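The values are calculated or read from the model by the stated rules, or taken from the named source; none is laboratory data. Everything quoted here is computed from the prediction, not taken from an experiment. Here the Cβ positions follow ideal geometry from the backbone for every residue, glycine too, while neighbour counts run over all protein chains shown.
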Amino acid sequence: MNQPIVTKDFIITEFHKLLYSHYHGAGFKNVVQWRNMLAAKTPSDMMIYAEIIFNTKPTYIIECGTGTGGSSLFFSDMLKLFSPTGKLITIDKYDVSQRPELQTENIIILTGNSVEDAIIEKVKALIKDSTSILVNLDSDHYKDHVLKELELYAPLVTLSNYLIVEDTNLNNPATNNEFGEGPSVAVKQFLSTHPEFMIDITCERHLISFNPGGYLKKIK
């Protein structure tokens, strides 16, 4: 029986498989918790987010997909540390406005589909004249939805800030996932017509990321 050639990429891929199955197999209950709230992200990705927020000092972070709320609370806390006047706008199709953990002065909760005209107009009204906008896409992961989010939210991102697409690993062999066309396919299609964004590979320097190719920096 032929043994696989053990390379750096092989080790990363195998660990990615192990980590993904460890998270996914437990219904994502094994993932990082932030103040006892589940945040479906790797520790390495959360560290990258902290660095980005420190460096860009967002006046607003726009989060599409509140989910379990751990990431929202993490973003809120990072803003309090590094951009004290900054606010988080978190959008979810389910009403999470009554969750006590999210009742903090720098979180604005919008209920609805992230690509609805009414939601987009509310977001634009809130961020009017803001100097630093970061966008995080973590809602419906099917390609058409992600691509629509990319087209709608890309113009809101300020120069040198980020448009981050979560879970691009769903189309990565490392997850052995049969999800179909999803975030990574949407990113490739988006980048083919949007030269104002580039993949910031330095955000993957910790080797393990659930967002490979998904850290898009606005360069012009």
When the residues of segment 81-98 are filtered to those that are more than 19 Å from A125 (Cβ to Cβ) and exposed (fewer than 14 other Cβ atoms within 10 Å of the Cβ), which remaining residue is farthest from the chain's Cα centre (by Cα)?
Q98
In this structure, is S184 touching a Lys or Arg at 6+ places or on another chain (Cβ under 8 Å) and hydroxyl-bearing (S, T, Y)?
no
Do we have F74 as at pLDDT 90 or above and either farther than 23 Å from D140 by Cβ or in contact with a strand residue (DSSP E or B) (Cβ under 7 Å, 6 or more places away or on another chain) (or both) here?
yes
Would it be correct to say that E149 is more than 16 Å from A186 (Cα to Cα) and at pLDDT 95 or above?
no
Hits in segment 16-50 (condition: touching a Leu at 6+ places or on another chain (Cβ under 9 Å), at pLDDT 90 or above and β-branched (V, I, T))
T42
Show the residue pairs that are 6+ apart or on different chains and have beta-carbon atoms under 7 Å apart, the first residue being within segment 72-90 and of a type in the set (S, T, N, Q), the second being in a helix (DSSP H, G or I).
S72/L102; S83/I53; T90/S72
Of the residues L126, L163, which is out of contact with any Ser or Thr (no Cβ under 9 Å at 6 or more places or on another chain), surrounded by 18 or more Cβ atoms within 10 Å (Cβ to Cβ) and in contact (Cβ under 8 Å) with a residue 40 or more places away in the chain?
L163
Residue pairs qualifying under the 6 Å Cβ cut-off, at least six apart or on distinct chains, with the first in segment 1-26 being β-branched (V, I, T) and the second being assigned to a helix (DSSP H, G or I) and surrounded by 11 or more Cβ atoms within 10 Å (Cβ to Cβ), are T13/A174
Which helices (runs of 4 or more DSSP H) sit wholly inside segment 1-95 and have at least 1 residues that are within 19 Å of L134 (Cα to Cα) and hydrophobic (A, V, I, L, M, F, W, C)?
43-56, 70-82
Looking at I108, is it in a helix (DSSP H, G or I) and surrounded by 15 or more Cβ atoms within 10 Å (Cβ to Cβ)?
no
Of the numbered conditions (1) among the acidic types (D, E); (2) at pLDDT 90 or above; (3) within 25 Å of T66 (Cα to Cα), E181 satisfies every one except a single condition; which is it?
(2)
